[in-house]
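Q: Attaching a single structure in structure tokens format; questions to follow.
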């Protein structure tokens, strides 16, 4: 990654994984696979089953492999528990970054963090996209109840560092991102979405507190 001074800076997970902590990423740019056109073949290989899924079922491949990831520390039990861990290659990292692995995509992260699946949002709904592909709901489908559910599940699975993206509250995202338009200030839909986000954050912090995960 390039910092504000134009110099190569460590990827955000590197200081944590080098210190022995797993790092969970939920929809956050530059921490997860962001597309199926290039990222899948780069991480899994052009002849991999994942690449074949991109060709045969691109929508499901997007839900399976984009948007969700875990960057594992060396010796991580999470990566060791999966046969789908892949080398976490960061050739531009200062000081090198060798011997680290990661889990990339909901298809491989979810069975590890929630083996009794499927992943559900904070309201108990199965997380899926607008056309019912179970997995990552798309970057416009990361309402607070969706994104924060993944964060909570990662924390409960023992991943202490989690970064997450929440879809902006001033856009109408519809059902898992199938509608996208901007609300005006004070518009009823905007106000409702803000209230929904407030409730989601309350559920999120209550859930963590019940798990014994508190600010202190």
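Q: How high is the relative contact order of segment 33-72? Use alpha-carbon pairs under 8 Å, at least six apart in sequence, and give a whole percent. Working shown, then result.
A: Details: 34 pairs, mean separation 17.8, N = 40.
It comes to 45 percent, rounded to a whole number.
Q: Roughly what % of DSSP beta bridges within the chain run antiparallel, to the nearest 5?
A: Values: 14 of 18 bridges.
Expressed as a percentage, antiparallel bridges in the chain total about 80.
Q: Additional query: Taking 8 Å as the Cα distance limit and 6 or more residues as the minimum spacing, I'd like the relative contact order of the chain as a percentage. Intermediate results must be reported in sequence, preceding the final value.
A: On the way: 394 pairs, mean separation 41.3, N = 216.
Reported as a whole number, the value is 19 percent.
Q: If neighbour count is taken as other Cβ atoms inside 10 Å, put 166, 66, 146 in order from fewest to most. Walk me through the intermediate numbers first.
A: Working: 166 19, 66 23, 146 28.
With the sparsest Cβ surroundings first, the list reads 166, 66, 146.
Q: Quick check: Cα centre of segment 183-210 to Cα centre of segment 97-143, how many Å?
A: Cα centroid of segment 183-210 versus Cα centroid of segment 97-143: 21 Å apart.
Q: Calculate, in whole percent, how much of the Cα-Cα pair population of segment 96-167 lies beyond 18 Å. Spell out each step's value before the answer.
A: Details: 957 of 2556 pairs.
Counting pairs separated by more than 18 Å, the tail of P(r) holds 37 percent.
Q: Segment 152-166 to segment 20-93: how many Å between their Cα centroids?
A: 16 Å
Q: Here's a follow-up. How far is it, in nm, from the label point at residue 41 to the one at residue 116 when both lie 7 Å from their Cα along the line to the Cβ?
A: Here the modelled spin labels are 4.2 nm apart.
Q: Separate question: Order by neighbour count: 173, 133, 71, fewest other Cβ atoms within 10 Å first, most last. Write out the running numbers ahead of the final one.
A: Details: 173 22, 133 18, 71 29.
Lowest count first: 133, 173, 71.
Q: Taking the simple approach of a point 7 Å from Cα along Cα-to-Cβ for both residue 201 and residue 56, what is their distance in nm?
A: Taking the two extended label points, one gets 4.4 nm.
Q: In addition: How much FRET efficiency would the formula 1/(1 + (r/R0)^6) give for residue 168 and residue 48, where r is the Cβ-Cβ distance and R0 is 25 Å, rounded to 0.05? Provide the component values of the computation, followed by the final result.
A: Numbers: r = 34 Å, r/R0 = 1.35.
According to the calculation, E is roughly 0.15.
Q: Using only DSSP helix segments of four residues or longer, with each worth -39500 (n - 2.57), what per-residue ellipticity at 222 nm results for the chain after dividing by its residue count and rounding to 500? Display every interim value, and only then the final one.
A: Values: 8 runs with 75 residues, N = 216.
Estimated from H runs of four or more residues: -10000 deg cm²/dmol.
Q: Quote to one decimal, in nm, the extra length available between residue 191 and residue 30 on full extension: 0.36 nm per residue of separation minus the C-alpha distance between them.
A: On the way: separation 161, 0.36 × 161 = 57.96 nm, distance 3.06 nm.
The residue 191-residue 30 span can extend by a further 54.9 nm.
Q: Now, a different point. Need one number: nm distance between label points at residue 126 and residue 98, each 7 Å from Cα along Cα→Cβ, rounded to one decimal.
A: 4.5 nm
Q: Taking neighbour Cβ counts within 10 Å as the exposure measure, how do 50, 93, 187 sort from fewest upward?
A: Lowest count first: 187, 93, 50.
Computed from the coordinates by the stated procedures, all read-outs in this text should not be read as laboratory data. Since this is a predicted model, take the numbers as computed values, not measurements. Heads up, the Cβs are rebuilt from the backbone with ideal geometry, glycines too, and the neighbour counts pull from every protein chain shown.
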